[in-house]
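Have a look at the structure below before the remarks.
The values are calculated or read from the model by the stated rules, or taken from the named source; none is laboratory data. No experiment lies behind these values; they were computed from the predicted model shown. Reconstructed Cβ throughout: ideal geometry from the backbone, glycine too, with neighbour counts over all protein chains shown. Side chains are part of the model used for accessible areas, which takes the heavy atoms of the whole protein and leaves out ligands, DNA and RNA. Shrake-Rupley method; radii C 1.70, N 1.55, O 1.52, S 1.80 Å.
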Amino acid sequence: MGVRIKQAISALVVGLMVGICLWLIPAVAAASPSGIPLAQALDFRDPNFFLTNPSPTPAGSPTPEGSPAPTPSPSPTGIPFTGQEGTELLVGSIPVFRLQTAEYPSDVRADNIRAVIERFLDEGQLPEPEVRVAQDPNGQYVLRLGERGRFEPTQRYLFTVTYADAAAERRTSLSQVGLNEVRLVANSWARRLEQAISDYREDLLALQRAQDPRVLILSILAGIATLLVGFFLWRLFNRSLGRLQSLLETKAGEAWHTWIDIGGVLLRAAGALLIIGISLDRGISLVPALRPFQRSFYLGLSRVIGTALGVLTQPLPNSSLSIASLLVFMALSILVFTGAHYLSVGLKERFLTRLGLDLGTQESSAAIFKYALTLLGILLVLPFSGLNLSSLTVIAGAVGLGIGFGLQNLSNNYISYLAILLERPIQIGDLVQVDDLLGTVERIGPRATVLRTLDRIFVVVPNSRFTESKVVNWSYRDPRCRIHVPVGVAYGSDTALVTEALLSAAKENSRVLSSPAPQVWLKSFGPSSLNFELLVWINRPQDQFVLISELNFLIEAEFRRRGIRIPFPQQDVYIRSLEGFTPLSKNGGSHAMPDADSIQSALKEAAQLPEDKGGTS
């Protein structure tokens, strides 16, 4: 219990620290009024929504009173506005929109509007505001402020929307702005200004209520209670997620444990951010003194997000591409690659395996399906991400140069990979021999093929070697192959008996196929033996070396049982003359060589020995 209390206190301290940060950040944000609020993304579908007395647009091009005067113009007529000129109108330290210089400077217009709003709120104990758009006899659109429900007797003039205001708001030039555009901007600004004044009024009402100590204490306690509820929700979420993760790991295979762990980490981080964010937002909003600063913080955050989006969506130099379009393309491409991979795996496991196809055919078909689906997905992703093939010409040229200079080997291996998939000279599970390397194909990748030798050593072989070198495929089409087992017997052995012994040894081995039947060939007459060869058929080339060893054991046993001798190489030495031999030391000669009498006696003794001791000669 003590640990939980400490954790709750820690969460409370963190919440208070975040609240203090939210209190201090608006001071910095309010000191820098530049930026574009997100409220500019408005809906202009009903331009007459705020018009109290809409009148038809004059046929001519009127010159409104609020249109730009010859005095300081924020932008030449033919140059579009960027949206950063003029002065922002601040209502309760929150920027609403940006005013431009007309008959009066933009800062003077903003100060006058703020003064009117303050006077309106000071009268009548913070009345509920209503902002309407009206068109005066000169065709100008003006904004008026009044009390909701009593608008006519309480209305007052705010300002006139000028052509320069509309051009800056829509980020276009003055020459492209008509009276209809001014009307749209006026309706938009009326909605935004009314909402801003209402929020400012709510903040003032909350500050008035917070002057009561009881209300202040209750609001602080409510905020703390909200943070505690968020903390216990996080504990419950974390515990439930842990149990779910353990359940999935017990039911899923070991290969999925890594993905389950990654998913758990991501979900835990997302849940923490969501619960902490909502708890802090609700807890701070319950304290009236913190609401204005909370709104300022959100405004600063929206400015940061807007600036980041502006940078990401800005076209790159001398190109229509942008960072955002490239990021979208990359994200969608990753989804396409992932989806194609899992669809190909599902096709192989749920459909191809039921057709009774061999493993190599399944892998080749699944790979071709995967790459075809990937190509189709990329072609569909290009228009959705804002890219087109013409905009990728520069990238294609750079890739071509890279292939020409530094990526020749990679491109060669990839083209060889496509050739292997289409022609299928080798497949997964085949026993192949490339140069001096013999092994089973374990995996065929875009760059290299993995071979497993008979000693279970995995060797990575570039795909180009399979198309440029001589390859022996022991399993190509028909895995059956014939194995040769050479055997030598002594001269004088019964050849029929030898043939019977070899065939008997072949029949005793379970790896040998009965059809085609084993055969025995008398290959040659050697210097000291009759050379036979046993030929057997097997359907697993990988077992050929084990089979040869097993047959050798069986042949030796059969020969021993039938009395068939296996000779060893022999050579006869003939001495034509004894001249040049040095006599022994007793005659004054060297100790290195025997005398002639000793040699002759030794030869006579050897000639008298029986032939079976000396073998054939």
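Quick one: in the stretch 306-324, which of the residues that are part of a loop (DSSP other than H, G, I, E, B) and not aliphatic (A, V, I, L, M) is modelled with the highest pLDDT? Reasoning before the result, please.
First, the residues of the stretch 306-324 that are part of a loop (DSSP other than H, G, I, E, B): 314, 316-321.
Narrowing the set further to residues that are not aliphatic (A, V, I, L, M) leaves 314, 317-320.
Working: GLN314: 80, PRO317: 73, ASN318: 69, SER319: 67, SER320: 70.
Looking at the filtered set, the residue picked out is GLN314.
Does the stretch 173-210 hold any residues that are outside any helix (DSSP H, G or I) and either of a type in the set (Val, Ile, Thr) or open to solvent by less than 20 Å² (accessible area, probe 1.4 Å) (or both), and which are they? It would help to see each step written out before you state the result.
Initial filter on the stretch 173-210 (outside any helix (DSSP H, G or I)): 173, 177-178.
Listed by number, the residues that qualify are SER173, VAL177.
List, please: which pairs have Cβ atoms under 6 Å, are six or more places apart or on different chains, and start with a residue in the stretch 471-487 that is touching a residue at least 60 places away in the same chain (Cβ under 8 Å) and among the basic types (Lys, Arg) and end with one that is assigned to a strand (DSSP E or B) and open to solvent by less than 50 Å² (accessible area, probe 1.4 Å)?
Note: no pairs meet the criteria.
Test ARG150 against the stated conditions and say whether it is farther than 14 Å from TRP189 by Cα, surrounded by fewer than 18 Cβ atoms within 10 Å (Cβ to Cβ) and either within 52 Å of the chain's Cα centre (by Cα) or at pLDDT 90 or above (or both). Before the answer, list the steps.
Working: farther than 14 Å from TRP189 by Cα: yes; surrounded by fewer than 18 Cβ atoms within 10 Å (Cβ to Cβ): yes; either within 52 Å of the chain's Cα centre (by Cα) or at pLDDT 90 or above (or both): no.
It is false that ARG150 is farther than 14 Å from TRP189 by Cα, surrounded by fewer than 18 Cβ atoms within 10 Å (Cβ to Cβ) and either within 52 Å of the chain's Cα centre (by Cα) or at pLDDT 90 or above (or both).
Counting only residues that are farther than 30 Å from ASP199 by Cβ and of a type outside the set (S, T, N, Q), how many does the stretch 292-341 have? Give the steps one after another, and end with the answer.
Going residue by residue through the stretch 292-341, those that are farther than 30 Å from ASP199 by Cβ are 314-341.
This time we only want the ones that are of a type outside the set (S, T, N, Q), so: 315-317, 321, 323-324, 326-332, 334-337, 339-341.
Count: 20.
Among all residue pairs at least 6 apart or on different chains, which show Cβ distances below 6 Å where the first residue, located in the stretch 525-537, is closer than 11 Å to VAL498 by Cα and touching a residue at least 12 places away in the same chain (Cβ under 8 Å) and the second is surrounded by 19 or more Cβ atoms within 10 Å (Cβ to Cβ) and among the aromatic types (Phe, Trp, Tyr)?
none
Among what's in the stretch 500-519 and is surrounded by 19 or more Cβ atoms within 10 Å (Cβ to Cβ) and out of contact with any strand residue (DSSP E or B) (no Cβ under 6 Å at 6 or more places or on another chain), pick the residue that is nearest to TYR476 (Cα to Cα).
So the first thing to find is which residues in the stretch 500-519 are surrounded by 19 or more Cβ atoms within 10 Å (Cβ to Cβ), and the list is 501-502, 505-506, 512, 518.
From what is left, the residues that are out of contact with any strand residue (DSSP E or B) (no Cβ under 6 Å at 6 or more places or on another chain) are 501, 505.
Details: ALA501: 33, ALA505: 28 Å.
Result: ALA505.
Can you pull out every residue in the stretch 445-478 that is touching a strand residue (DSSP E or B) at 6+ places or on another chain (Cβ under 8 Å), within 18 Å of TYR414 (Cβ to Cβ) and outside any helix (DSSP H, G or I)?
ARG447, ALA448, THR449, VAL450, VAL460, VAL461, PRO462, ASN463, SER469
Determine whether LEU376 is at pLDDT 85 or above and surrounded by 12 or more Cβ atoms within 10 Å (Cβ to Cβ).
Numbers: at pLDDT 85 or above: yes; surrounded by 12 or more Cβ atoms within 10 Å (Cβ to Cβ): yes.
It is true that LEU376 is at pLDDT 85 or above and surrounded by 12 or more Cβ atoms within 10 Å (Cβ to Cβ).
Filter the stretch 93-133 down to residues that are within 16 Å of GLU194 (Cα to Cα), of a type in the set (Gly, Ala, Ser) and open to solvent by 20 Å² or more (accessible area, probe 1.4 Å), then give me how many there are.
Summing the residues that are within 16 Å of GLU194 (Cα to Cα), of a type in the set (Gly, Ala, Ser) and open to solvent by 20 Å² or more (accessible area, probe 1.4 Å) in the stretch 93-133 gives 2.
Listed residues ILE276, ILE262, ILE220; which is over 30 Å from LEU145 (Cα atoms), open to solvent by 60 Å² or more (accessible area, probe 1.4 Å) and touching a Gly at 6+ places or on another chain (Cβ under 7 Å)? Before you say what the answer is, go through the steps one by one.
Numbers: ILE262 fails: touching a Gly at 6+ places or on another chain (Cβ under 7 Å); ILE220 fails: touching a Gly at 6+ places or on another chain (Cβ under 7 Å).
Step by step, each of ILE276, ILE262, ILE220 is checked, and only ILE276 is over 30 Å from LEU145 (Cα atoms), open to solvent by 60 Å² or more (accessible area, probe 1.4 Å) and touching a Gly at 6+ places or on another chain (Cβ under 7 Å).
Suppose we filter ARG282, ARG295, ARG303, ARG291 for residues that are among the basic types (Lys, Arg) and at pLDDT 80 or above; which single one remains? Step through it out loud before you land on a result.
On the way: ARG295 fails: at pLDDT 80 or above; ARG303 fails: at pLDDT 80 or above; ARG291 fails: at pLDDT 80 or above.
On inspection, the qualifying residue turns out to be ARG282.
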